[in-house]
Amino acid sequence: MTRLRLERLTKYYGSVAALDELTLEVEPGEFLVVVGPSGCGKSTLLRVIAGLDSVTGGDIYFDHERMTDQPPQQRDVGMVFQNYALYPHMTVAENLAFPLRVRKVPKAEREERVRRVALMLGLEGLLDRLPKQLSGGQQQRVAVGRALVRSPRVFLFDEPLSNLDANLRAEMRTELATLQRQVGITTLYVTHDHIEAMTMGDRLAVVRGGRLVQVGTPEQLYRDPDDLFVATFLGTPTINTIAGVLRYTDTGAVAVSAPTAGVQIVLGAGQESLSPQRQAVTLAVRPEHVRVTGDTDADCRGIVERVEFIGHERLASIRVGGERVLMRLTDGTSIAAGETVGIRFDRSGVLLFGADGARLRLSSAC
Ligand code: ADP
């Protein structure tokens, strides 16, 4: 199993930095998902790792081997694209065998490896078909099989499920993630879909503007984001954000007021790194950390705009002053549109971010 190490990778197209000093390590056998909005540099990252494009600066290592200037055929990566890129005039068996034929693998071994991969991907009954005689999901399986058949050192996936419908996409997510764990090939998978990223990856690397924003397990990034961009990018529905002002109380606690929502809450003692002056902050709280409560401990009051039933939970949208707050109702709380309710933010779920988007951490809750 190969460790993939990217050191300060930089790629300019003219004056556009598609990658900007991106440093990242993918552990041997790990499934790491690079996630970020369209245009953040994901495809460029895969292309430079595969050697299809050169870097402007930085280095790529497979274990201790420097790959930065190696031609693509020396890098031994298997790549799967969004559009499958199958050879239309070749059967499934011929498509699967193609990478082995190019490498002059003897016929008997070729057939054996194609048979094994076909079995692994449930393609045994389709070997004589042409790509146009397959469904989208089957075509994508062939594309994965073709990348897998040579047992590459590194797997690179470029949004491979984007062309599939929602049900099939969910099925293929599980299938691909299971397959990767079975074969244990170090994998870098890029997507703009945060649900795909969170459900598939051992770890996620969130990228914006060619820069790495944060890397961690899906749970770490969801619960403990370092940056407002990460907090808002992950999670459905999106985390609630309210503009506020932070100041210290006479007792040294941190108070945040959000005038547009009529909210004033007192949080833990400030860390020394927090500036003692008043400062503009964004108060962020996920819908599962908002509760309906009685008047005495309510942070604010609002009018219920809408309650949506989505099976195992309900989502309520509450108008609080000039803001809208979404809350997730998993218990029997009964509220209806038009009602005025008191709501409270669970203190453990309140996150604060400074004007530059960086997380402001408090030393303790009070
Ligand atoms: P993503 O895959 O995240 O959508 P890309 O890697 O395709 O992002 O693109 C990153 C940035 O680099 C974008 O601003 C894009 O316009 C630019 N870019 C990508 N490829 C080229 C190219 N061949 N020529 C010029 N600009 C490019």
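Give the stretch 217-226 a look and list any residue that's within 14 Å of the chain's Cα centre (by Cα) and crowded, with 18+ Cβ neighbours inside 10 Å, or say none.
Pro218, Leu221, Tyr222, Pro225
Any residue in the stretch 178-206 that is farther than 22 Å from Leu148 by Cβ sitting within a Cβ distance under 8 Å of a residue that is part of a helix (DSSP H, G or I) and among the charged types (D, E, K, R)? List the pairs, counting only those 6 or more apart or interchain.
His192/Lys42
Please return the ranges of strands (runs of 3 or more DSSP E) entirely within the stretch 3-75 where 1 or more residues are within 16 Å of the ligand (Cβ to nearest atom) and acidic (Asp, Glu).
Values: elements: 4-13, 16-26, 31-35, 57-62.
The strands (runs of 3 or more DSSP E) meeting that bar are 16-26.
Looking at the stretch 139-151, can you tell me whether even one residue there is buried (at least 19 other Cβ atoms within 10 Å of the Cβ) and on the phi > 0 side of the Ramachandran plot?
no
Take the conditions buried (at least 22 other Cβ atoms within 10 Å of the Cβ) and not aromatic (Phe, Trp, Tyr) and apply them to Gly14. Does it pass?
Numbers: buried (at least 22 other Cβ atoms within 10 Å of the Cβ): no; not aromatic (Phe, Trp, Tyr): yes.
The answer is no for Gly14.
Which one is nearest to the ligand (Cβ to nearest atom) among residues in the stretch 82-99 that are of a type in the set (A, V, I, L, M, F, W, C) and surrounded by fewer than 17 Cβ atoms within 10 Å (Cβ to Cβ)?
Of everything passing the filter in the stretch 82-99, Ala85 is nearest to the ligand (Cβ to nearest atom).
For the stretch 180-202, what are the residues that are crowded, with 19+ Cβ neighbours inside 10 Å and either in contact with a Lys or Arg (Cβ under 9 Å, 6 or more places away or on another chain) or closer than 22 Å to Phe62 by Cα (or both)?
Residues satisfying the conditions are Gln180, Ile185, Thr186, Thr187, Leu188, Tyr189, Val190, Thr191, Glu196, Met200, Gly201.
Within the stretch 116-219, considering only helices (runs of 4 or more DSSP H) that don't extend past its boundaries, which have at least 3 residues that are away from the ligand (no atom under 16 Å from the Cβ) and over 18 Å from Val35 (Cβ atoms)?
136-148, 166-183
Quick note: the coordinates plus some simple rules give every number you see, no bench work behind them. Everything numeric here is computed off the predicted structure, so don't read it as measured data. Virtual Cβ from ideal backbone geometry, glycine too; neighbours counted across all protein chains shown.
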